[in-house]
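What follows is one structure encoded as structure tokens, with my remarks underneath.
The values are calculated or read from the model by the stated rules, or taken from the named source; none is laboratory data. For clarity, every value in this text was computed on a predicted model and none was experimentally measured. Using ideal geometry, Cβ is built from the backbone for each residue, glycine included, and neighbour counts are taken over all protein chains shown.
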Amino acid sequence: MTQSTSTTSESLKVLLLGVHIAPGDPITEEALIKLIESDIAKGPDHGLNIRYTLTHASDPEYKVLVEKLREQPWDIVAIGAGVRYPKSNASLFEWLVNAAVRFVKPTPVLVFNTSPDGVVEACLRVRPEMERLRTLGNGA
């Protein structure tokens, strides 16, 4: 498991869930982590407190992910592109979506980055809609 944090006060709490590099992937683990950490370092400039956790797609229980999801109420849960793109990870992707809705209360906004260095962009993409979603959720 790999994890890191960027923080500022009054920031949106973001959890990025991803997978470790598998044999044959076109990028190394070191390069993946460098891209992720470079991107999340920009988070505080945008009011984002981003943490990330990587797991192995072959872990059938996903205990590390459940622990992270239950750690605190996340405003945004980002599911990494490496989880979604390989067909072999379809069950992990489905599990993460369902777990984020089930284990995180209040229910977070879900975002999907398109590259390891795209979580800030994904969060900014949904930020304008977050207040509207909160309003609808409150019955207003």
| note | Residue hits (the range 24-59; surrounded by fewer than 19 Cβ atoms within 10 Å (Cβ to Cβ), within 17 Å of Val119 (Cβ to Cβ) and of a type in the set (Gly, Ala, Ser)) are Ala31, Ser38, Ala41, Gly47
| task | Look at Leu54 and say whether it is touching a Lys or Arg at 6+ places or on another chain (Cβ under 8 Å) and either within 26 Å of Ala99 (Cα to Cα) or of a type in the set (S, T, N, Q) (or both). | result | no
| note | Within the range 100-115, the count of residues that are aliphatic (A, V, I, L, M) and closer than 28 Å to Ala31 by Cα comes to 4
| said: Would you confirm whether or not the range 60-75 contains a residue that is over 11 Å from the mean Cα position of the chain (by Cα), in contact (Cβ under 8 Å) with a residue 40 or more places away in the chain and surrounded by 15 or more Cβ atoms within 10 Å (Cβ to Cβ)? | reply: yes
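Each row is one residue, and each column tells you yes or no for (1) acidic (Asp, Glu); (2) assigned to a strand (DSSP E or B); (3) over 13 Å from the mean Cα position of the chain (by Cα); (4) at pLDDT below 95.
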{"site": "Ser4", "(1), (2), (3), (4)": "no, yes, no, yes"}
{"site": "Glu10", "(1), (2), (3), (4)": "yes, no, yes, yes"}
{"site": "Lys13", "(1), (2), (3), (4)": "no, yes, no, no"}
{"site": "Leu16", "(1), (2), (3), (4)": "no, yes, no, no"}
{"site": "Ala22", "(1), (2), (3), (4)": "no, no, yes, yes"}
{"site": "Lys34", "(1), (2), (3), (4)": "no, no, yes, no"}
{"site": "Arg51", "(1), (2), (3), (4)": "no, yes, no, no"}
| note | Residue count, the range 86-99, condition under 15 Å from the mean Cα position of the chain (by Cα) and without any contact (Cβ under 8 Å) to a residue 60 or more places away in the chain, comes to 6
